[in-house]
Amino acid sequence: DAKTTQPPSMDCAEGRAANLPCNHSTISGNEYVYWYRQIHSQGPQYIIHGLKNNETNEMASLIITEDRKSSTLILPHATLRDTAVYYCIAGFNAGGTSYGKLTFGQGTILTVHP
Amino acid sequence: GAGVSQSPSNKVTEKGKDVELRCDPISGHTALYWYRQRLGQGLEFLIYFQGNSAPDKSGLPSDRFSAERTGESVSTLTIQRTQQEDSAVYLCASSSMGQGPNYGYTFGSGTRLTVV
């Protein structure tokens, strides 16, 4: 799996957009970028994934650079409930020959404050 | 079911005892994963099942740990002769492995194991 690098922590004001960066400079062409988050005392929750194109769903947007070496998760209007550890993971080969094991790093602790 | 169910939610056991942790994945999910998370730490991969087979057991920390899956459904993680360092939250996840619209994992709420 491609290694990812994330800042250890970030702050965001409630109601503002939270932009969480992730570097994955060694990602290969068929590896996806996945984002999960883990709210205290809960199991991780899937947020979004993408390969090349930008993606948006009801939770967030994912912006992947053209060279695919980095990406940004955007929470458009952060709330206090978005306070969590956010994990960026690269390398899950969905539907391919890989068995799809996800390797979680340390993630980014996002704190949303009033 | 609607989600991944794990039982028990909490387990306190004496050092040296055996424990069994259960995971009920989402119906139809072919892939099942076990992870461990020690307090304040990240997730450690333990084992992966595709159907009833476990092609990757590389994360199991010792031969005291074993897991099985039956009927391409329920999985049991067994820890024999528990040690204090086994104390952690054990998380199970399942995935449809690209057979549906969502490739992601769905995690259960975990079993918090405390060895005293």
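The values are calculated or read from the model by the stated rules, or taken from the named source; none is laboratory data. Remember, it's a predicted structure, so these values are computed and weren't measured experimentally. We place every Cβ from the backbone using ideal geometry, glycine too, and count neighbours over all the protein chains shown. With ligands, DNA and RNA removed, areas are computed over all heavy atoms of the protein, side chains included. Shrake-Rupley method; radii C 1.70, N 1.55, O 1.52, S 1.80 Å.
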### Query
Right, B:Q37: under 30 Å from A:L51 (Cβ atoms) and either of a type in the set (V, I, T) or open to solvent by less than 50 Å² (accessible area, probe 1.4 Å) (or both) or not?
yes
#### Entry: Residue pairs meeting the criteria (Cβ under 6 Å; at least 6 apart or on separate chains; first more than 20 Å from B:S5 (Cβ to Cβ), in region B:97-116; second at pLDDT 95 or above and surrounded by 14 or more Cβ atoms within 10 Å (Cβ to Cβ))
B:T114/B:S87; B:V115/B:T13; B:V115/B:T82; B:V115/B:D86; B:V115/B:S87
### Query
So which of B:A54, B:A31 ends up being in contact with a Phe, Trp or Tyr (Cβ under 9 Å, 6 or more places away or on another chain), touching a residue at least 40 places away in the same chain (Cβ under 8 Å) and more than 16 Å from B:V89 (Cα to Cα)?
B:A31
### Task
Taking the options A:A18, A:A78, A:A13, name whichever one is more than 12 Å from every other protein chain (Cβ to nearest Cβ) and in contact with a helix residue (DSSP H, G or I) (Cβ under 9 Å, 6 or more places away or on another chain).
A:A18
#### Entry: strands (runs of 3 or more DSSP E) wholly inside region B:50-100 containing at least 1 residues that are touching a helix residue (DSSP H, G or I) at 6+ places or on another chain (Cβ under 9 Å)
B:65-69, B:75-79
### Query
When A:L51 is evaluated against the numbered criteria (1) in contact (Cβ under 8 Å) with a residue 40 or more places away in the chain; (2) within 14 Å of chain B (Cβ to nearest Cβ), which criterion, by number, is the only one it fails?
(1)
### Message
Looking at region A:29-53 only, could you name the residues that are loosely packed, with under 13 Cβ neighbours inside 10 Å and in contact with a strand residue (DSSP E or B) (Cβ under 6 Å, 6 or more places away or on another chain)?
### Response
none
